[in-house]
1. Would you call Arg177 modelled with pLDDT of 90 or more, more than 23 Å from Lys158 (Cβ to Cβ), of a type outside the set (A, V, I, L, M) and in a strand (DSSP E or B)?
2. For the range 108-144: of the residues being of a type in the set (Val, Ile, Thr) and in a helix (DSSP H, G or I), which is surrounded by the most Cβ atoms within 10 Å (Cβ to Cβ)?
3. Among helices (runs of 4 or more DSSP H) lying entirely in the range 1-90, which contain 2 or more residues that are modelled with pLDDT of 80 or more and under 17 Å from Thr240 (Cα atoms)?
4. Please count how many residues of the range 96-107 are surrounded by 15 or more Cβ atoms within 10 Å (Cβ to Cβ), out of contact with any Phe, Trp or Tyr (no Cβ under 6 Å at 6 or more places or on another chain) and in a loop (DSSP other than H, G, I, E, B).
5. Any residue in the range 200-221 that is in contact with a Lys or Arg (Cβ under 9 Å, 6 or more places away or on another chain), closer than 23 Å to Leu258 by Cβ, among the small types (Gly, Ala, Ser) and touching a residue at least 40 places away in the same chain (Cβ under 8 Å)?
6. From the list Ala185, Ala171, which one is free of Cβ contacts under 8 Å to residues at least 60 places away in the same chain and over 15 Å from the mean Cα position of the chain (by Cα)?
7. So for the range 78-87 (the condition being among the small types (Gly, Ala, Ser), out of contact with any helix residue (DSSP H, G or I) (no Cβ under 7 Å at 6 or more places or on another chain) and surrounded by 15 or more Cβ atoms within 10 Å (Cβ to Cβ)), does at least one residue qualify?
Amino acid sequence: MENVGRKRFADLGLKGHVFVVTGGASGIGLASAEGLVEAGGKESPGAEWGEAEKRIVHEWGSSLHYERVDVTDTGHLNETIEKIAKQEQRLDGLLAAAGIVQVTPAVEYTPEDAMKMMAVNYNGVFMAATAAAREMMRYKCRGSICIIASVSGLIANKKMLSPVYNSSKAALIQLARNLAMEWSAVQPDGTGGIRVNCISPGYIRTPMVEKVIKADPAAKEAWEAENMMHRFAETSEFKTAGLFLLSRASSFMTGNNLVIDGGHTAW
């Protein structure tokens, strides 16, 4: 067993470790990528970056590598993750944060709308996780996969008609449990030892949430009133949550759903 818990804060150190972050262009994905790099890890965020986010590459230099990936293109996704692992001769984990939302009454959803939502929010995460696990097993790297779900997978959101989004996030919570069951134990051939957990955030100031509020300004007041802290979270408040789940600090934690919602689901 690795040296866990014997040196103050060393369990959070990721020096020499390699991670893939999907959805790393903004929101929790970007904040998490920053946190992992600050802890010494190397990241390859797969997403489409704008100029504002490119500052991270300049600031952190060779520790952060950008790859443009559409998570619904499974072939390209597999190739990209395999390339990263081959280049570094290891892969220690994945943070899967890619996701989209569509606010539409259920009776107005088309089959195409639903399929697009599930293709990104569920299939994209599932395929990213299996691609990462495949490489982690190839290089016999014991590590961790962190899936970004949502409290929307636990509740029906007031002032937000998003039945397929909520269903996709509920599916991710169950997916994490099943992948944890399959991959967490170390096998006789040295593969496995891959912990899988998810984070379910409450309402955060992300571009995706701001888009919903712009369409329905009353949603902001309603959502802030729904949690015990009466405010939205900032993405920076999630920087160390992903770090915790991807590091040795959470070495006996798998199949869990870490809810960070300002008390939204506690009352």
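The values are calculated or read from the model by the stated rules, or taken from the named source; none is laboratory data. Please read all numbers here as calculations on a predicted model, not as lab measurements. Virtual Cβ from ideal backbone geometry, glycine too; neighbours counted across all protein chains shown.
1. Numbers: modelled with pLDDT of 90 or more: yes; more than 23 Å from Lys158 (Cβ to Cβ): yes; of a type outside the set (A, V, I, L, M): yes; in a strand (DSSP E or B): no.
Spelling it out, it is not the case that Arg177 is modelled with pLDDT of 90 or more, more than 23 Å from Lys158 (Cβ to Cβ), of a type outside the set (A, V, I, L, M) and in a strand (DSSP E or B).
2. Going residue by residue through the range 108-144, those that are of a type in the set (Val, Ile, Thr) are 110, 120, 125, 130.
From the residues that got through so far, the ones that are in a helix (DSSP H, G or I) too are 120, 125, 130.
Numbers: Val120: 18, Val125: 29, Thr130: 17.
Per the stated criteria, the residue is Val125.
3. In the range 1-90, the matching helices (runs of 4 or more DSSP H) lie at 27-38.
4. Let us first name the residues in the range 96-107 that are surrounded by 15 or more Cβ atoms within 10 Å (Cβ to Cβ), namely 96-99, 101-104.
Okay, now just the ones that are also out of contact with any Phe, Trp or Tyr (no Cβ under 6 Å at 6 or more places or on another chain), so 96-99, 102-104.
Applying the additional criterion that residues be in a loop (DSSP other than H, G, I, E, B) yields 97-99, 102-104.
Going through the range 96-107 one residue at a time, the tally reaches 6.
5. yes
6. On the way: Ala171 fails: over 15 Å from the mean Cα position of the chain (by Cα).
Within the list Ala185, Ala171, the selection yields Ala185.
7. Here is the first cut: in the range 78-87, the residues among the small types (Gly, Ala, Ser) are 85.
Add one more test, that the residue is out of contact with any helix residue (DSSP H, G or I) (no Cβ under 7 Å at 6 or more places or on another chain), and what stays is none.
Checking the range 78-87: not a single residue is among the small types (Gly, Ala, Ser), out of contact with any helix residue (DSSP H, G or I) (no Cβ under 7 Å at 6 or more places or on another chain) and surrounded by 15 or more Cβ atoms within 10 Å (Cβ to Cβ).
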